[in-house]
Amino acid sequence: MTDATTPATASSESPLDGGELEPARPKRRRFKIDKTLLLVSLVIGVGLALVTRGLMIGVTGDERAGLPPAVEEVNPVPQAEQALSQTSVFVDLASGYTGTLVIDGVQIPTVDVSSVSNDGVEPGEQISVPAATVYEPGNATLTFVPSEAAPISDFDEGVHEVTVLYWKLDETPEQARRFTWTFNVI
């Protein structure tokens, strides 16, 4: 006979593993897309793609100016929007070229700096250069600085057109090629 005070033993052993409880599996978490984060990521991605494309197709500097091979540099740069009225016009030609400048329809006389006499100039003094386009054969550069004695004393506000006529040293000015650009004085 069993004693009524003795509790019945409940089986706490699992029939599968010999008495140990099976660990509970974690609930599978459902993946949820954060729409705000997705939108921000998309905007950043598109922005980076546009910046990269702009850098790859962007044309600046001499490439933008479309300079011919014999013209290495011009100043003021083509389509410059903020040149000053006292700005100088500068053209750097390739070695072996010479030329002349036509500014706003006025052909500026060209003086070879090697032909300018420095007789009577004391050491430390500057040579007086005529008010014209100065050609430096060693650098193949043309420089015009507006002054009261020059055909153009300064540049008025507005758009100005410069044409450089250039030719090889062993050619004549009649064989000159030309490059024209504009700049805007403020």
On a full-extension model of 0.36 nm per residue, what is the gain between Thr182 and Ser153, subtracting their alpha-carbon distance, rounded to one decimal in nm? 8.6 nm
With a point put 7 Å past each Cα toward its Cβ, work out how far Lys27 is from Thr172 in nm, to one decimal. 9.8 nm
For Glu125, the accessible surface traced by a 1.4 Å probe with all protein chains present amounts, in square angstrom to the nearest 10, to 110 Å²
On the full set of protein chains, 1.4 Å probe, figure out the accessible area of Ser114 and give it in Å² to the nearest 10. 90 Å²
I want to make sure I understand the PRE zone here: with the label point 7 angstrom from the Cα of Leu84 toward its beta carbon, which residues in the stretch 152-186 have backbone N atoms less than 20 Å away? 152-161, 183-186
Lys and Arg at +1, Asp and Glu at -1: neighbours of Ile186 with Cβ under 15 Å from its Cβ sum to -4
Everything considered on the Cα gyration tensor (a ≥ b ≥ c; rounded for a/c under 1.5, else prolate if a/b is larger than b/c, else oblate), the stretch 106-186 must be described as oblate
So for the stretch 63-118, using the alpha carbon gyration tensor with a ≥ b ≥ c as root eigenvalues (a/c under 1.5 gives rounded; past that, a/b versus b/c decides prolate or oblate), I'd call it oblate
Exposure ranking of Leu55, Leu169, Leu67 by accessible area [1.4 Å probe, largest first]: Leu55, Leu169, Leu67
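The values are calculated or read from the model by the stated rules, or taken from the named source; none is laboratory data. Given the structure is predicted, the values throughout are model-derived calculations rather than measurements. Ideal geometry is used to build each Cβ from the backbone, glycine not excepted, and the neighbour counts take in all protein chains shown. Surface areas here come from the heavy atoms of the whole protein model, side chains and all, with no ligands, DNA or RNA. Shrake-Rupley method; radii C 1.70, N 1.55, O 1.52, S 1.80 Å.
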